[in-house]
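Here's the structure we're looking at; comments come further down.
Rule-based calculations on the coordinates, nothing more; no lab input. No experiment lies behind these values; they were computed from the predicted model shown. Methodologically, a virtual Cβ is constructed for each residue, glycine included, from the backbone with ideal geometry; neighbour enumeration extends over all protein chains shown.
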Amino acid sequence: MIINSRSYDAPISKKREDELARSPFAERFARLVTSFSGGDRSNIFALYGEWGSGKTSTWTLIRVEIDRMDTKPLIVEFSPWAYSSYDQVVGGFFHELLVVLRHEPAMMLVFQKMAPVAHFLTGLGSAALMAAGADPSGTTAILAPAAIAAGAAAKVIAKEAKAAADRSLTELRADVAKALIKVKRPILILVDDVDRLPPAQVTALFQLVRVNASLPLVNYLLLMDREMVEGALEEQGFAKSYLEKIVQFGIDLPRAASEDLHAMAIRRVMHELEVEEKTRLKDRFEQATKTAAGLLDTPRAIGQVAESFGFLLEFFRNDKVLEVDPVDLFLLELLRCRAPRLYAFIRDEMGSYGSWDAVLPYLPKDEKAKNKRKERLESVLDQYVGVMRKALQDVFDALLPGFVSGAESSQDDFAECRLCSSAHFRNYFELTVPREHPSQAELESVVVSQTQRVTNSRVLALIDRYGWDITISALQAKVRRETTVGVIGALTSSLWIADRRRLEGTGPGAALLPTSGIGVLTVSFLRRINDIKKREQILRDAWTESGHFGLFYRVVAAEQYEARRTEQQYESIFPPDTLKRLRREAVGVAKKVFDSNGAMQNPMLTWLLAYNSQAEGPDAVFSWIRSLLADRSRLAGFLCNVIRLNRQGDPEEKLELNLGVLASYFAIDASLLAATEDTAGLSEEYAMVIQQAHAIALAATTKGQTTAAPSVGEFPKLLPFVPDLM
């Protein structure tokens, strides 16, 4: 975790922290202020700049330059924002002034003469309290140093206050003026945060400044947002011109160059990232900050968003793994800070809450609803103007690129936990990992597993918790660029093992779409391995460790099928000679499976038949199917298998054989009728299915509606899931 040592709202404290190249301006401004402050007159300077533009930081640079001068004014810094009422503002002003004067031996005479004036204007009690170090405002925002509590100083001030009890303010001010002229050292009073004051306190502050403006050698530098202060004065019944009567020399803070703001934004944002993230995301953050330049227009805006972004990053770090895309999080947080209405629109209008999907449906399918959503977006954006509106549109398009184009988010969006992937969308707003989707930490734990056993257990845990579809999609996205043989091999074997257990646990009728999905994923994994021999080894290892021959055959058959279908334009994971060798091997193993005792309980039995039909021609497969007529038990097992495969329903549901399923594999004729006459020795389920087959055959033969066995062209098409080999 990276912690920034300085709050985004804190001004810089050293010249080397100047990120906006304002030091040359500060040097000239300091020279002018000190030269104009050297006479007997009083001057009021103003440095104008909007909120967050860096006025206080520029003052830091100005003071650095003043402190380097041989002849320089005594500086008093006062922030009226720390006080909550007129009396506190006045008291706080004199408190800060007296504290500074007290610590300058050469200014002791001014200190002594100023205290009665402070006592007169504040009406807060004995000025000796000030000399003793108490804050006359009654606040604890500012405490004088312990040295100010010197007893001698308190006695002197008490004596001055007593002598001044019967004198007018004019007389007291005259004493201060004489002391200032005698000492001949100018005073520069910096008043910051004027624009943060409530309107009533703004006028109070200016009245205080005017009261003391005629004192020689006392100068003021006011830092403020001019428009905001003028607005506050108007609210109190003063014309805008009132400010001109107060300020003699006003100057606008130079606007920061766009390239300096961009560089500042990059530095601040990159500071919040870990080393690996900086390397991986540098280019994307460069583009993101350029896109959002109209919103990152002040140092405060940059600091606020960067600091808030860094804070939120820690919400999404799970065992050092980020659960969101950092660039999207930055842009979204930028909207939350700078354009909350647009942020709320994205949160409330674009969410895909309550359901998981691979991609975010940007727009409703209904054309009217689609147009209404676009109109609502425009109405939100129209609340902003100029450069800011353009920047907001650009940021919105970067976060949700398909909103305008209508395109769905991509696999890469899903893999990178982008906002535009509905699997991750709600995560950005709930500050947690969506319940429907594995966390990045869970996925990472699979990738970094040290042993096959650990990988197996973690993959199975994901499947148990999130289901097959989500787990396969999530793992595919997670390792989409993985090329390490060990990682790919371990993950492939684990998925095969999990699928074999699933099929065995369910038996015939088990859903084969997950198997198909793992086959596709296996092919995509193997494509990342350049060495053909290593590809084959990974495939064989997965078969050996899982015992999942059906999946092995499915991968080999599908690759060969695609290559033939596209006349070798399809780029297979194996060259033709390797595919032929693997296919011959698979055909031989499949024949052994067909003749085994457990063949009728194999959920992939019909797939294997289809693969062998394509490899050897349908005659060999038809021959095996016809052989079932001589064994009622195997015939019944086969029929139960194909019924469940076609139905894909509840395995406990009563089996019902229909003519369509039966005719997909057998001729409906006297041979079938004879083979299904007897049910002796069969289980209840087997007997029921044989009876159903017999009834279908009897009805067909009685009515003279017998059918021949499926033709060579028809047979593969009648096998579910086989035509495109998924």
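Tabulated data
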{"read-out": "Residues His694, His103, His437, sorted so that the one with the fewest Cβ neighbours within 10 Å comes first", "value": "His103, His694, His437"}
{"read-out": "Extension gain from Glu482 to Lys374, taking 0.36 nm per residue of separation minus the Cα-Cα distance", "value": "35.0 nm"}
{"read-out": "R0 of 56 Å, Cβ-Cβ distance Glu77-Val447: FRET efficiency to nearest 0.05", "value": "0.50"}
{"read-out": "Gain upon complete extension [Arg626, Gln383; 0.36 nm per residue less C-alpha separation]", "value": "79.9 nm"}
{"read-out": "Integer Hz, Karplus 6.51/-1.76/1.60 couplings in order for segment 691-696, x for Gly and Pro", "value": "5, 5, 5, 5, 5, 5"}
{"read-out": "Distance in nm between pseudo-label sites at Arg185 and Ser13 (7 Å out along the Cβ direction from Cα)", "value": "2.5"}
{"read-out": "Least to most buried among Trp624, Trp543, Trp496, Trp607 (fewest other Cβ within 10 Å first)", "value": "Trp624, Trp543, Trp607, Trp496"}
{"read-out": "Cβ-derived FRET efficiency at R0 25 Å, Lys534 paired with Arg501, nearest 0.05", "value": "0.45"}
{"read-out": "Gyration tensor (alpha-carbon) shape descriptor, segment 258-430, a/c threshold 1.5", "value": "oblate"}
{"read-out": "Spin-label model distance (nm) - Leu655 vs Val454, 7 Å beyond Cα toward Cβ", "value": "4.5"}
{"read-out": "Amide H partners (placed H, <5 Å) of Ile187, local residues excluded", "value": "Leu74, Val218, Asn219"}
{"read-out": "Span from the segment 560-613 Cα centroid across to the segment 67-91 one, whole angstrom", "value": "87"}
{"read-out": "Segment 200-326, relative contact order in percent, only Cα pairs under 8 angstrom and at least six apart counted", "value": "20"}
{"read-out": "For Ile44, residues with placed amide H under 5 Å, excluding near neighbours", "value": "Tyr220, Gln248, Phe249"}
{"read-out": "Karplus (6.51, -1.76, 1.60) ³J(HN,Hα), θ = phi - 60°, over segment 437-449, in Hz, Gly and Pro reported as x", "value": "9, x, 6, 5, 5, 5, 5, 5, 5, 5, 5, 8, 4"}
{"read-out": "Cut-off under 5 Å, modelled amide H: who pairs with Glu77 long-range", "value": "Leu190"}
{"read-out": "Stretch gain in nm, segment Ile251-Ala174, where the contour uses 0.36 nm per residue and the Cα spacing is subtracted", "value": "24.6 nm"}
{"read-out": "Residue-by-residue Karplus 3J(HN,Hα) for segment 607-613, coefficients 6.51, -1.76, 1.60, Hz, glycine and proline x", "value": "4, 4, 4, 5, 5, 5, 4"}
{"read-out": "Violating pairs (Cα-Cα greater than 19 angstrom) within the set Lys15/Lys55; Lys278/Lys320; Lys113/Lys184", "value": "none"}
{"read-out": "Pairwise label distance in nanometres, Ala699 with Glu286, each label 7 Å out on the Cα-Cβ vector", "value": "7.3"}
